[in-house]
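The structure appears below as structure tokens.
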Amino acid sequence: MNNIAYYLLALLAGVALATQTGINAQLRSVVGSPVLATLISFLVGTVALVLYVTLFERESYGAIHQMKGMAFYKILGGLIGAAYVCSVIVLAPRIGAANLLALIVGGQILFALFLDHFGLLGFQQHSFNVFRLAGACLLIGGVVLILKN
């Protein structure tokens, strides 16, 4: 797959994230609890993933034994994801989708620059430079403009 296809998939992931934000906030309004809405969201996703793996990647179940002895932090993505989804469910109705996602993108950019600079969590090292600083400033400037309702 060429880079343009990857960029388009990343753009679609952003569309999905904004859509998920609204859907999960609506789910919370039905069930009355952000934590229960998060649980339901993750249960639906888990069922979908179990079905997919069972139907198309059954052989990958054998890799579960490789988790023995691995660093504990490698499974924290699910916990972080649950905290993220729950916080989005609480915040979206209060500050709006654009404000929420702009702030999320701002936080992602700043921390991603840190991760890249030091090559943490398995990312290839990309040192901080003037171009990255300019890009971050432009993105953060965009966040500020979005928040200026």
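The values are calculated or read from the model by the stated rules, or taken from the named source; none is laboratory data. Every value quoted in this text rests on a predicted model; they were computed, and no experiment measured them. Positions of Cβ are backbone-derived with ideal geometry, glycine not excepted, and every protein chain shown enters the neighbour counts. Calculation scope for accessible area: heavy atoms of the full protein, side chains included, ligands and nucleic acids excluded. Shrake-Rupley method; radii C 1.70, N 1.55, O 1.52, S 1.80 Å.
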Can you work out the accessible area per residue across the chain, with the rest of the protein chains kept in place, probe 1.4 Å, in square angstrom? 72
Find the centroid of the Cα atoms in segment 63-77 and in segment 88-112, then give the distance between the two in whole Å. 29
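Can you sort Cys137, Cys86 by 1.4 Å-probe accessible area, starting with the largest? List each step's numbers first, then the result.
Working: Cys137 80, Cys86 30 Å².
Descending order: Cys137, Cys86.
If you roll a 1.4 angstrom probe over the protein chains with everything in place, what fraction of the accessible area of the chain belongs to carbon and sulfur, to the nearest %?
Values: 7910 of 10760 Å².
That share works out to 74 percent.
Can you give the alpha-carbon Rg of segment 1-70 over 2.2 N^0.38 Å, where N counts its residues?
On the way: Rg = 16.6 Å, N = 70, 2.2 N^0.38 = 11.1 Å.
The reported ratio for this selection is 1.50.
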Would you check the accessible area of Leu27, probe 1.4 Å, heavy atoms only, in square angstrom rounded to 10? 50
Quick calc: nm separation of the 7 Å Cα→Cβ label points for Phe118 and Ala10 -> 2.3
Would you kindly derive the ³J(HN,Hα) couplings of segment 46-55 from the backbone phi angles with the Karplus curve 6.51 cos²θ - 1.76 cosθ + 1.60 (θ = phi - 60°), listing them in order in whole Hz, with x for Gly and Pro? 5, 4, 4, 5, 4, 4, 4, 4, 5, 7
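In what order, largest first, do Met70, Met1 sit by accessible area if the probe radius is 1.4 Å?
Values: Met70 65, Met1 145 Å².
From most exposed to least exposed: Met1, Met70.
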Computed on Cα atoms, the radius of gyration and Dmax of segment 85-144 in angstrom are 13.6, 37
Taking the full set of protein chains and a 1.4 angstrom probe, give the accessible area of Val90 in square angstrom, rounded to the nearest 10. 40
What spacing in nm lies between the two simple spin-label points modelled at Arg58 and Val90, each 7 Å away from Cα in the Cβ direction? 4.3
